[in-house]
Amino acid sequence: MKCLKVAGLTVIYVAALSMMSATASATVLTSPPGTGYTGGTLKLSSTHTSVHPGSGTSFLTVTCESAVIQGVLETDGAGVSARTRPLSSLSFTKCGNDLVTVAQTGALEIYSLGGGKGTVTSTGMEVEFHTSEGPTCTMTTKGTDIGVLTGGTPASLSIGSSSIPMSGFLCPSTAVWTGGFTVTTPGTLLID
């Protein structure tokens with residue numbers, strides 16, 4: 001009986017240690033270094049971003065010379081990812097003969113990868129591409145991995161998404177979003 005009690009206590013102790021180590025791997029964004037950035041504005045800008053067909057037959061490739069993503073960091077810290085409130089701004093401009101409109105901005109979530117990097121996912125983003133060839137294609141995210149955020153002065157987001165669902169007549173069933181963004185606010189953003 002004594003052996004059973006010791007074994008049971010050992011299992012509880014190991015389970016508690018496992019839960020503490022999971023909590024220790026939380027995503028914390030800091031700016032300046034060592035100071036949590038919850039509640040701060042996160043603004044990213046790009047001078048080149050493109051959407052390409054991911055699958056299906058389509059002519060869709062839209063390239064924009066300017067794009068902005070902006071939101072407020074809602075939560076980060078022990079046991080959680082870093083998340084934004086719904087983005088306050090998402091825009092794509094200077095897209096040649098194509099028009100890009102944002103129906104829903106969505107929100108971002110950042111998960112630490114270690115080494116000062118984090119994977120960024122998007123949920124609820126709905127972007128419409130009105131192509132010069134005629135069709136309008138809509139890209140929608142739902143927990144979609146869109147790229148990797150690298151902390152620094154400035155931090156940067158490399159967009160190289162997995163397949164993002166797309167809909168619309170003559171549109172591919174998925175799209176791939178590529179490009180790069182620079183974090184302009186804050187000037188320094190680190191991922192712990």
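Read-outs throughout are calculated quantities, based only on the coordinates presented, and are distinct from any laboratory measurement. Just so we're clear, the structure is a prediction, and the values are computed from it rather than from any experiment. When we count neighbours, we look across all protein chains shown, and the Cβ atoms used for this are built from the backbone with ideal geometry, even at glycine.
Summing charges over all other residues whose Cβ lies under 14 Å from the Cβ of SER50, with Lys and Arg as +1 and Asp and Glu as -1, gives -1. Coupling constants for region 130-138 follow from the phi torsions by the Karplus curve (6.51 cos²θ - 1.76 cosθ + 1.60, θ = phi - 60°), and in residue order they are 9, 7, 5, 7, x, x, 10, 10, 10 Hz; glycine and proline get x. Other residues lying with their Cβ under 14 Å from the Cβ of THR138 contribute a combined charge of -2, Lys and Arg counting +1, Asp and Glu -1.
Each residue of region 99-114 is assigned a 3J(HN,Hα), and the resulting list reads 10, 10, 10, 10, 7, 9, 7, x, 9, 10, 9, 10, 10, 4, 9, x Hz, derived from the Karplus form 6.51 cos²θ - 1.76 cosθ + 1.60 (θ = phi - 60°), x at Gly and Pro.
Candidate cross-link partners of LYS117 among the aspartates and glutamates, defined by an alpha-carbon separation under 16 Å and a same-chain spacing of 8 or more, comprise ASP76, GLU109, ASP145, ASP192. Taking other residues whose beta carbon is less than 15 angstrom from the beta carbon of CYS64, and scoring Lys, Arg as +1 and Asp, Glu as -1, yields -2. The aspartates and glutamates whose alpha-carbon is closer than 20 Å to the alpha-carbon of LYS94, local same-chain residues fewer than 8 away aside, are GLU65, GLU126, GLU128, GLU133. Restricting the GluC sites (Glu not before Pro) of region 116-192 to loop positions (DSSP other than H, G, I, E, B) with no more than 16 neighbouring Cβ atoms within 10 Å leaves GLU133.
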